[in-house]
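The values are calculated or read from the model by the stated rules, or taken from the named source; none is laboratory data. These numbers were taken from a predicted model, which means no experiment stands behind them. Glycine gets a Cβ as well: all are built from the backbone with ideal geometry, and neighbour counts include every protein chain shown. The area values use the complete protein model at the heavy-atom level, side chains included, leaving out ligands, DNA and RNA. Shrake-Rupley method; radii C 1.70, N 1.55, O 1.52, S 1.80 Å.
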Amino acid sequence: MPAPLKHSDFPTSLVLQGGGARGAYQVGVLRALAELAPQSANPFPIISGTSVGAINAACLAANAENYSTATDKLETLWRSLTTGSIFDPRWRSVRATIWRIIRTFVFRGSTNRYGWLDNRPLRRLLEREFDRDGMQRAMESGALTGFCITTSCYGCGIAVTHYESTTGVEEWMRHRREGLNEPVTVDHLMASSALPLIFPAVKVGPTWHGDGALRLTAPLSPVIRMGARRIVVVGVRDAHVDMSQADIEQPYPSIGEMGGTMLDILFNDNLEADVERVNRVNRLLATLTPEQREKEHLQRIDVLSLQPSKDLRTIASRHEHEMPRAIRTLMRISGASGSDGRLPSYLLFEPGYIAELIDLGYADTMARREEVAAFLAGTTSR
């Protein structure tokens, strides 16, 4: 049995990707991790998030001095949510949005800055819940050494990772990826979770930003740059690929089905590809001598990937009736209602669906409790 790795030598990072209402699954995983992790300290001194993952990450970072308390608060918050907590689901709001879009494109009126859905309720929620002082205290105490979220800059066409660190991490610029050392605010969180077309872009500094998953082709890169050598990744899509329908003639996809597929690609494909890439590099490193590794400046990165055991689309289809009437009507008009449940699975912020996803995340993680506990304890050999 290899000796446990020292926490300070190989810091463990948590990476939370986007997924709209599917972020509830992450909450169940995080609750299980709180039970399985050593109780002496925050198991994740480096925390990263994108889109709804940025919001979950911010809650953990603000309460990093007590990880168990942080997950309790996050679960309590999610279980209290309704659609109205995230965006305005009333008909008058939907009609006003449609009119603004018509005015913008037909009558050349002012730019529609509210998106298809008005997410100002989310801003009010974050202004109430995001505790910057708590995050600052966690960094000063050493419970948190790094925190970052990513947005997509519409004007410059790059992924911008906004980070805070206590370890002197230098800003970076790679192909279409930039790291900026600056305080994370509610504006950053709103920008990172601004689903394209659905929610409005947010001005951060002089430029407009949207959902971080749009441009983030290497979701694990920010935490690796911040010093992580062990990463827990929480995804929101099951690993199963259904090829049974590939040879069966299908009807032309509706706008809603295409929109759901776009979100599926946006939130999941890059993350899964990056995990695969890291594992491939690890296999290559296993064939090199220590001298060769040193020459290439490469280090092994251990990754634990946690994802749903069930198709969340199926769960969403069972709860679709819980959505407010105006949103159900929009789903029906777009062709997303009664289809494969993909688009509703990202927009269904209702208690029944959220509760089932939280419970699934908890059960999935506890089903792998020995593997997860060993990873968190740092018993991976090198």
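Structure data summary
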read-out: Which numbered condition LEU330 fails, given (1) over 30 Å from TRP91 (Cβ atoms); (2) touching a residue at least 60 places away in the same chain (Cβ under 8 Å); value: (1)
read-out: In segment 246-264, the residues that are assigned to a helix (DSSP H, G or I) and either open to solvent by less than 90 Å² (accessible area, probe 1.4 Å) or in contact with a Gly (Cβ under 9 Å, 6 or more places away or on another chain) (or both); value: ILE255, GLY256, GLU257, MET258, GLY259, GLY260, THR261, LEU263, ASP264
read-out: Residue match in segment 344-354 (condition: charged (D, E, K, R), open to solvent by less than 50 Å² (accessible area, probe 1.4 Å) and not in a helix (DSSP H, G or I)); value: yes
read-out: Matching residues in segment 23-74 - criterion: being under 19 Å from PRO222 (Cβ atoms) and of a type in the set (Ser, Thr, Tyr); value: SER48, THR50, SER51
read-out: Count - residues of segment 329-343 that are assigned to a helix (DSSP H, G or I) and crowded, with 17+ Cβ neighbours inside 10 Å; value: 5
read-out: Residue within segment 99-111 that is at pLDDT 85 or above, assigned to a loop (DSSP other than H, G, I, E, B) and either surrounded by 15 or more Cβ atoms within 10 Å (Cβ to Cβ) or of a type in the set (Gly, Ala, Ser) (or both) present; value: no
read-out: Residue match in segment 335-342 (condition: under 30 Å from TYR252 (Cα atoms), touching a residue at least 60 places away in the same chain (Cβ under 8 Å) and under 18 Å from the mean Cα position of the chain (by Cα)); value: yes
read-out: Conditions (1) at pLDDT 85 or above; (2) more than 27 Å from PHE44 (Cα to Cα): number failed by THR329; value: (1)
read-out: Top-ranked residue in segment 1-25 [being within 19 Å of GLY146 (Cβ to Cβ) and not in a loop (DSSP other than H, G, I, E, B); ranked as modelled with the lowest pLDDT]; value: THR12
read-out: Residues satisfying the stated conditions in segment 336-352, i.e. touching a Leu at 6+ places or on another chain (Cβ under 9 Å) and farther than 18 Å from VAL234 by Cβ; value: ALA336, SER337, GLY341, ARG342, LEU343, LEU347, PHE349, GLU350, PRO351
read-out: Hits in segment 182-235 (condition: among the charged types (D, E, K, R) and open to solvent by 30 Å² or more (accessible area, probe 1.4 Å)); value: GLU182, ASP187, LYS203, ARG215, ARG225, ARG229
read-out: Test: residue in segment 274-289 that is assigned to a loop (DSSP other than H, G, I, E, B) and of a type in the set (A, V, I, L, M, F, W, C); value: yes
read-out: Checking LEU144 against (1) aliphatic (A, V, I, L, M); (2) in contact with a strand residue (DSSP E or B) (Cβ under 8 Å, 6 or more places away or on another chain); (3) open to solvent by 10 Å² or more (accessible area, probe 1.4 Å); (4) assigned to a loop (DSSP other than H, G, I, E, B), the condition it does not meet; value: (3)
read-out: Yes/no for LEU189 being in contact with a Leu (Cβ under 7 Å, 6 or more places away or on another chain) and among the aliphatic types (A, V, I, L, M); value: yes
read-out: Unmet criterion (only one of (1) of a type outside the set (A, V, I, L, M); (2) surrounded by 15 or more Cβ atoms within 10 Å (Cβ to Cβ); (3) under 30 Å from ALA24 (Cα atoms)) for ARG300; value: (3)
read-out: Among (1) farther than 19 Å from PRO38 by Cα; (2) open to solvent by 20 Å² or more (accessible area, probe 1.4 Å), the one test that ARG369 misses; value: (1)
read-out: Those residues of segment 63-87 which are touching an Asp or Glu at 6+ places or on another chain (Cβ under 7 Å), open to solvent by 10 Å² or more (accessible area, probe 1.4 Å) and assigned to a helix (DSSP H, G or I), in sequence order; value: LEU77
read-out: Scan of segment 176-193 for residues that are over 17 Å from the mean Cα position of the chain (by Cα) and either on the phi > 0 side of the Ramachandran plot or assigned to a helix (DSSP H, G or I) (or both), ordered by number; value: ARG176
read-out: Count of segment 159-182 residues which are in contact with a His (Cβ under 9 Å, 6 or more places away or on another chain) and either under 14 Å from ARG225 (Cβ atoms) or not charged (D, E, K, R) (or both); value: 5
